[in-house]
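Where a number appears in this text, it was derived from the coordinates with a stated rule and is not lab data. These figures come from a predicted structure and were not determined experimentally. Using ideal geometry, Cβ is built from the backbone for each residue, glycine included, and neighbour counts are taken over all protein chains shown.
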Protein chains: 2
Amino acid sequence: MKLSDGVEWSLHCAVVLASLPSEATLPGSALAEFHGVSESYLLKHLKALTKTGILESVSGPKGGYRLAKQAEDITLLDIVEAIEGTESAFRCREIRQRGPACLEPSAYKLPCAINATMLQAEQAWKAALRRQTLSDLVEHLGNNLDPRAIEKSGAWLQENVRC
Amino acid sequence: MKLSDGVEWSLHCAVVLASLPSEATLPGSALAEFHGVSESYLLKHLKALTKTGILESVSGPKGGYRLAKQAEDITLLDIVEAIEGTESAFRCREIRQRGPACLEPSAYKLPCAINATMLQAEQAWKAALRRQTLSDLVEHLGNNLDPRAIEKSGAWLQENVRC
């Protein structure tokens with residue numbers, strides 16, 4: 001089981017966009033350059049983040065991406081699900097209804113206990129992601145980064161931001 | 001993000017093996033037939049479950065698979081990790097160390113906050129899977145199944161079990 005690289009990229013991009021002045025935007029090419037990742041792949045993810053209402057895409061010479069809402073109103077689950085979709089990781093194929101001991105389909109009214117238990121465990125993961133907002137992450141990242149990296153990032157962003 | 005079908009198959013097989021009399025075994029072919037799944041794929045998963053000490057493979061005419069320990073000592077996490085491996089779903093590629101604002105590698109002594117937060121959320125999922133044992137699942141499944149399915153399964157297993 002693996003989350004796509006797009007989740008890591010999107011979380012980093014969201015943190016960068018959360019640190020910009022209100023209304024300011026950053027083009028996808030700048031976000032790709034800043035993170036040293038493929039621009040074409042990143043644009044696909046930025047599109048998904050826009051479609052799900054996390055980012056806003058502004059067109060024109062001052063165009064680029066910005067957060068579509070406050071960082072405290074965006075959860076990590078929003079970002080993960082924008083990239084990975086909302087389908088559960090465990091996909092029940094109802095194999096209890098196959099083989100020599102199966103009954104007619106109407107005999108399986110109650111959900112399979114294996115499916116129910118696996119989905120319940122997944123809910124614990126989703127709840128943990130839902131408890132963390134983008135603004136928590138920005139704060140946490142700021143505390144873990146070398147002050148020189150913050151300064152260098154700030155200078156680079158100032159040159160590339162569009163307002 | 002998706003767990004492989006092998007996780008569902010393995011959980012169902014483990015439940016069946018937990019319901020056999022002590023020391024009894026069931027061949028892989030019978031487990032595949034009972035669940036209506038591909039024998040060759042299932043054998044791959046049964047091998048993984050054996051390698052990680054969840055199942056025991058007995059050879060000879062009375063051979064087949066059985067649990068290697070008590071059902072209450074096997075957690076759902078044991079089974080999931082036997083199939084999916086123990087690597088985390090979120091794989092940090094350290095993209096913070098790329099791009100125009102990066103510093104020398106020694107400047108990144110503290111773990112990336114994004115990685116730490118994502119792994120923490122994953123731990124909630126793993127903890128939920130660790131709290132559930134195979135014997136909990138057997139009990140839960142028994143409560144959710146039509147009594148006729150239990151009876152029909154029991155009769156089929158009695159014909160195919162090896163002791």
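Observations, loosely collected:
- Isotropically averaged projected area of the protein assembly as shown, using the convex hull of Cα atoms (one quarter of hull area), nm²: 19.2
- Most mobile of B:46, B:129, B:110 in a GNM of chain B (Cα contacts under 10 Å): B:110
- Projected label distance in nm at residue B:160 and residue B:47, using a 7 Å step from Cα toward the beta-carbon: 2.1
- Pairs of Cα atoms nearer than 8 Å and 6+ residues apart set the relative contact order; for chain A it is 30 percent.
- Dividing the summed -39500 (n - 2.57) terms of all DSSP H runs of n ≥ 4 by the residue count of chain B sets its mean residue ellipticity at 222 nm at -17000 deg cm²/dmol.
- Relative to the longest principal axis of the Cα atoms of chain B, the long axis of helix B:147-160 makes an angle of roughly 80 degrees.
- From the alpha carbon centroid of the range B:98-163 to that of the range A:1-64 is 32 Å.
- Between the helical axis of A:5-18 and the longest alpha-carbon principal axis of chain A there is an angle of about 40 degrees.
- Partners for residue B:47 among lysines (Cα-Cα distance below 19 Å; same-chain residues under 8 apart left out): B:62, B:69
- Counting Cβ atoms of other protein chains within 10 Å of each residue's Cβ and taking the mean over peptide A:144-156 gives 4.
- With a 10 Å cut-off around each Cβ of B:128-141, the average count of Cβ atoms from other chains is 3.
- A Gaussian network model of chain B, with springs between Cα atoms under 10 Å, assigns the largest mean-square fluctuation among B:32, B:89, B:107 to B:107.
- Think of each Lys and Arg Cβ as +1 and each Asp and Glu Cβ as -1; about the Cα centre, that makes the dipole of chain A roughly 540 debye.
- Compactness of chain B, expressed as Rg and Dmax over alpha-carbon positions, Å: 20.4, 68
- Paramagnetic label zone (point 7 Å from Cα along Cα-to-C-beta, residue B:107; backbone N under 18 Å) in the range A:13-34: A:16, A:33-34
- Dipole-positive endmost among B:34, B:144, B:113 within the range B:5-160 (Cβ charges, Cα centre): B:113
- Note on chain B: with a GNM built from Cα contacts shorter than 10 Å, the maximum mean-square fluctuation among B:29, B:135, B:59 falls on B:59.
- Remark: the range A:86-91, residue by residue, has Karplus-estimated 3J(HN,Hα) of 9, 5, 5, 5, 8, 10 Hz, where x stands for each Gly or Pro and the curve is 6.51 cos²θ - 1.76 cosθ + 1.60 at θ = phi - 60°.
- Peptide B:23-36 - average C-beta neighbours from other chains (10 Å radius): 2
- Placing dummy labels 7 Å off each Cα toward the beta-carbon, the span from residue A:130 to residue A:62 is 3.8 nm.
- Spin-label model, residue B:22/residue A:23: points 7 Å from Cα along the beta carbon direction are separated by 7.7 nm.
- Cα-based reach from residue A:109 at 18 Å (exclusive), listing aspartates and glutamates while leaving out same-chain residues under 8 positions away: A:94, B:139, B:146, B:151
- With Cα atoms, 0 to 90° folded angle of helix A:113-131 axis to chain A main axis: 20
- Charge dipole (Cα centre; +1 on Lys/Arg Cβ, -1 on Asp/Glu Cβ; no other charges) of the protein assembly as shown amounts to roughly 320 debye.
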